[in-house]
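Visitor: Take this structure, written in structure tokens, and hold onto it; I'll ask about it next.
The values are calculated or read from the model by the stated rules, or taken from the named source; none is laboratory data. Everything numeric in this text was worked out from a predicted model, so none of it was measured. Using ideal geometry, Cβ is built from the backbone for each residue, glycine included, and neighbour counts are taken over all protein chains shown. Please note that ligands, DNA and RNA were not included when accessible areas were found on the heavy atoms of the full protein model with its side chains. Shrake-Rupley method; radii C 1.70, N 1.55, O 1.52, S 1.80 Å.
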Amino acid sequence: MPLTAAQIGQLVDGLGPAKAVTDPERVADYCHDEHSYVTPGRPCAVVLAETAADVQAAVRWAAEHRVPVIPRGAGTGIVGGTATTDGCLVVSVARMKAIRELSPADEIAVVEPGVINADLDRAARAHGLMYAPDPSSFETCSIGGNVATNAGGLRCVKYGVTRDSVLGLEAVLADGSLIRTGRRTVKGVAGYDLTGLLVGSEGTLGIVTEATLRLRPAPRTPPVTVAAEFGSVVAAAEAVWAIVRRSVGPSLLELMDRATLEALDAWRGIGLDPGTQAMLLCQADGPDAADAAQVMARCCEEGGASIVVVSDDEAEAAQLLDVRRMAFTAIERAGACLIEDVCVPRSKLPEMFAAVERTAAAHDLAVPTVAHAGDGNLHPVFVFERGLPEIPQAVWDAADEIFRVALELGGTLTGEHGVGTLKRHWLGAELGEATMAAQLAIKRALDPLGIMNPGKKI
């Protein structure tokens, strides 16, 4: 049943008009993420939470009135994970920005979910530490969203994804209760791993209101960077696999194909050579970085790279990584984009890149592709005409082919962006009937009313 003005008034009275927003123009700003192409519904209100108690009050009100709850952080997701439905309640934690504790002795940070990823890393580096996960949107994405999607980043090949840096969580469950999971210690196996369950759950099991995060010693010397250009993207992917087999511990292995490089060159004038079909950026940090970089450079040369450059200059390395981080922005200048996110075993990376090229040609589409290649994580970007009312069927058909090839190669539908709304159609093909049933049972146990971010994740 539609909510009455009196019922919505209870929420506003309880939290105050500064935190419970009902003005349609302001509410509209909280209805979608960056690139999901999901048509949002109209929420009944938006709660701008400033404390865990605010989140609890909002969720308790929603549970009482059977109102769907859409948790929201910085809104930088791209799979419709924060897309709204008519009558829902958006609970934003973007105002919860405090770094509550940063302990150099224990190498941990305790933070609220609205803390921006890069801000935490900068705070850690003031103590000789670092926060390792670094999504491409690290300057704008928040820790809460990173935890919700188990976000990755450029340094994943060495330091792992967000889950590998989360020690414990505070979260509000679907009945408004507040729980703490995990620990502050290096080791701990008491009870079930509810921390691991909440990380990557995309707000369907609860809303994170605090995270205890692992920090790591920051490298004491500048990283050494290798930039290599190849005559084919498959050759570049084969060089990645060669580097992985050498076990030299790269801290970064990023690959950009010709279409991506052309977009960057058109925007920023990177001096792209006509024969360059792919660029591989490699980096090593730590005391053995110089030796590791030389090994990676040899792998590139043996793999047929036309140009291989090795540098320990920090400014040059930063410039190269900025080019990589600008890739999606450059591609978006060419049209509307559906940014995808498949991951395959690293030995299958050349086959996956070849499949992307075949699919793009078969459907006559532009599909620039970048990759966290050291993880086997590709981001094919389907470019289509801007201003269309919906994504063209040819794009969906091509995406379907790429998803199915990734699964056939032993991969997954998403390495870091999450399932959200856009990928639920394909989830059963990866998980299978029995596993889907088990996941749904967990959902029902923790959210019996089905109000937490319904229609997402599973």
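Visitor: Exactly one condition in (1) over 30 Å from GLU107 (Cα atoms); (2) open to solvent by less than 20 Å² (accessible area, probe 1.4 Å); (3) more than 20 Å from the chain's Cα centre (by Cα) is not met by MET256; state its number.
Guide: Failed condition: (3).
Visitor: Quick check on this structure: which one of THR221, THR204, THR225 is crowded, with 23+ Cβ neighbours inside 10 Å, in contact (Cβ under 8 Å) with a residue 60 or more places away in the chain and more than 22 Å from the chain's Cα centre (by Cα)? Talk me through it step by step, then tell me what you get.
Guide: Details: THR221 fails: crowded, with 23+ Cβ neighbours inside 10 Å; THR204 fails: more than 22 Å from the chain's Cα centre (by Cα).
One residue alone meets the criteria, THR225.
Visitor: Is it the case that region 5-16 has a residue that's open to solvent by 60 Å² or more (accessible area, probe 1.4 Å), assigned to a loop (DSSP other than H, G, I, E, B) and not polar (S, T, N, Q)?
Guide: Kept after step one, since they are open to solvent by 60 Å² or more (accessible area, probe 1.4 Å), are these residues of region 5-16: 5-6, 10, 13-14.
Subset that is assigned to a loop (DSSP other than H, G, I, E, B): none.
The answer is no, given that none of the residues of region 5-16 is open to solvent by 60 Å² or more (accessible area, probe 1.4 Å), assigned to a loop (DSSP other than H, G, I, E, B) and not polar (S, T, N, Q).
Visitor: Something else about it: Of all the residues that make up region 420-454, how many are at pLDDT 95 or above and part of a loop (DSSP other than H, G, I, E, B)?
Guide: 8
Residue-wise test of (1) open to solvent by 10 Å² or more (accessible area, probe 1.4 Å); (2) within 26 Å of ALA327 (Cα to Cα).
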site: TYR131; (1), (2): no, yes
site: CYS141; (1), (2): no, yes
site: ARG155; (1), (2): yes, yes
site: VAL166; (1), (2): yes, no
site: LEU169; (1), (2): no, no
site: ALA211; (1), (2): no, no
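Visitor: Being more than 17 Å from the chain's Cα centre (by Cα) and of a type outside the set (A, V, I, L, M, F, W, C) is the filter here, so list the residues in region 120-154 that pass it. Step through it out loud before you land on a result.
Guide: The first filter runs over region 120-154 and keeps only residues more than 17 Å from the chain's Cα centre (by Cα), leaving 122-130.
Scanning region 120-154 gives ARG122, ARG125, HIS127, GLY128.
Visitor: Can you report the number of residues in region 171-189 which are open to solvent by 60 Å² or more (accessible area, probe 1.4 Å), touching a helix residue (DSSP H, G or I) at 6+ places or on another chain (Cβ under 9 Å) and of a type outside the set (D, E, K, R)?
Guide: So the answer is 1.
Visitor: (1) within 26 Å of ARG60 (Cα to Cα); (2) open to solvent by less than 50 Å² (accessible area, probe 1.4 Å); (3) not β-branched (Val, Ile, Thr): which one isn't true of TYR192, the others all being true?
Guide: Every listed condition holds for TYR192 apart from (2).
Visitor: Related question: Among the listed residues LEU349, LEU407, LEU378, identify the single one that is open to solvent by less than 50 Å² (accessible area, probe 1.4 Å), in a strand (DSSP E or B) and at pLDDT 95 or above.
Guide: Numbers: LEU349 fails: in a strand (DSSP E or B); LEU407 fails: in a strand (DSSP E or B).
Of the residues listed, the single one that is open to solvent by less than 50 Å² (accessible area, probe 1.4 Å), in a strand (DSSP E or B) and at pLDDT 95 or above is LEU378.
Visitor: Quick one: ALA399 ticks every box in (1) surrounded by 18 or more Cβ atoms within 10 Å (Cβ to Cβ); (2) touching a helix residue (DSSP H, G or I) at 6+ places or on another chain (Cβ under 6 Å); (3) of a type in the set (Gly, Ala, Ser) bar one, so which box is it?
Guide: That leaves (2) as the condition not met.
Visitor: Check whether at least one residue in region 306-314 is under 27 Å from the mean Cα position of the chain (by Cα), crowded, with 20+ Cβ neighbours inside 10 Å and either among the charged types (D, E, K, R) or under 17 Å from ALA237 (Cβ atoms) (or both), and report yes or no. Please lay out each step first, then the result.
Guide: First, pick out the residues of region 306-314 that are under 27 Å from the mean Cα position of the chain (by Cα): 314.
Filter once more, keeping what is crowded, with 20+ Cβ neighbours inside 10 Å: none.
No; the residues of region 306-314 include none that is under 27 Å from the mean Cα position of the chain (by Cα), crowded, with 20+ Cβ neighbours inside 10 Å and either among the charged types (D, E, K, R) or under 17 Å from ALA237 (Cβ atoms) (or both).
Per-residue answers, yes or no, for (1) in contact with a strand residue (DSSP E or B) (Cβ under 7 Å, 6 or more places away or on another chain); (2) surrounded by 23 or more Cβ atoms within 10 Å (Cβ to Cβ); (3) farther than 17 Å from HIS379 by Cβ:
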position: THR260; (1), (2), (3): yes, yes, no
position: ARG268; (1), (2), (3): no, no, yes
position: PRO274; (1), (2), (3): no, no, yes
position: GLY286; (1), (2), (3): no, no, yes
position: VAL295; (1), (2), (3): no, no, yes
position: ARG298; (1), (2), (3): no, no, yes
position: GLU301; (1), (2), (3): yes, no, yes
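Visitor: Please indicate, with yes or no, whether at least one residue in region 96-118 is assigned to a loop (DSSP other than H, G, I, E, B), more than 20 Å from GLY145 (Cα to Cα), open to solvent by less than 40 Å² (accessible area, probe 1.4 Å) and β-branched (Val, Ile, Thr). It would help to see each step written out before you state the result.
Guide: Step one: list which residues in region 96-118 are assigned to a loop (DSSP other than H, G, I, E, B), which gives 96-98, 104-107, 112-115.
Retained after the next criterion (residues that are more than 20 Å from GLY145 (Cα to Cα)): 104-107.
Next, only the ones that are open to solvent by less than 40 Å² (accessible area, probe 1.4 Å) stay: none.
Among the residues of region 96-118, not one is assigned to a loop (DSSP other than H, G, I, E, B), more than 20 Å from GLY145 (Cα to Cα), open to solvent by less than 40 Å² (accessible area, probe 1.4 Å) and β-branched (Val, Ile, Thr), which makes the answer no.
Visitor: Tell me which residues, restricted to region 17-29, are within 30 Å of ARG100 (Cβ to Cβ), assigned to a helix (DSSP H, G or I) and open to solvent by 60 Å² or more (accessible area, probe 1.4 Å).
Guide: Taking region 17-29 first, the residues within 30 Å of ARG100 (Cβ to Cβ) are 17-21, 26-27, 29.
Next cut, assigned to a helix (DSSP H, G or I) only: 26-27, 29.
Residues satisfying the conditions are ARG26, ASP29.
Visitor: Looking only at region 298-322, which residues are in contact with a helix residue (DSSP H, G or I) (Cβ under 8 Å, 6 or more places away or on another chain) and assigned to a loop (DSSP other than H, G, I, E, B)?
Guide: GLY303, GLY304, ALA305, ASP312, listed by residue number.
Visitor: Pairs please, first residue from region 292-317 and farther than 9 Å from VAL226 by Cα, second anywhere and basic (Lys, Arg) and in a helix (DSSP H, G or I), Cβ atoms under 6 Å, 6+ apart in sequence or on different chains.
Guide: If the second residue must be basic (Lys, Arg) and in a helix (DSSP H, G or I), the pairs left are VAL295/ARG246.
Visitor: List every residue pair whose Cβ atoms sit under 6 Å apart, with the two residues 6 or more apart in sequence or on different chains, where the first one lies in region 428-439 and is on the phi < 0 side of the Ramachandran plot and among the hydrophobic types (A, V, I, L, M, F, W, C) and the second, anywhere, is part of a helix (DSSP H, G or I) and loosely packed, with under 14 Cβ neighbours inside 10 Å.
Guide: Final answer for the pair search is MET436/GLY428.
Visitor: Scan region 43-78 for residues that are closer than 25 Å to TRP426 by Cα, open to solvent by less than 10 Å² (accessible area, probe 1.4 Å) and touching a helix residue (DSSP H, G or I) at 6+ places or on another chain (Cβ under 8 Å) and report the count.
Guide: As a first pass, look at region 43-78 and keep what is closer than 25 Å to TRP426 by Cα: 68-72, 75-78.
With open to solvent by less than 10 Å² (accessible area, probe 1.4 Å) added as a condition, the list becomes 69-70.
Applying the additional criterion that residues be touching a helix residue (DSSP H, G or I) at 6+ places or on another chain (Cβ under 8 Å) yields 69.
Looking only at that region, the number is 1.
Visitor: Further, regarding this structure: Within region 381-404, take every residue that is touching an Asp or Glu at 6+ places or on another chain (Cβ under 8 Å) and of a type in the set (A, V, I, L, M) and give me the one that is nearest to ALA263 (Cα to Cα).
Guide: VAL381
Visitor: Only residues in region 172-197 that are in contact (Cβ under 8 Å) with a residue 24 or more places away in the chain count as the first member; pair them with residues that are open to solvent by 100 Å² or more (accessible area, probe 1.4 Å), Cβ under 6 angstrom, at least 6 apart or cross-chain, and list the lot.
Guide: Hits for this filter: GLY176/ARG60.
Visitor: Do we find that ASP86 is open to solvent by less than 20 Å² (accessible area, probe 1.4 Å) and farther than 15 Å from THR140 by Cα in this structure? Don't jump to the end; show me each part of the working.
Guide: Values: open to solvent by less than 20 Å² (accessible area, probe 1.4 Å): no; farther than 15 Å from THR140 by Cα: yes.
When the stated conditions are applied, ASP86 does not pass them.
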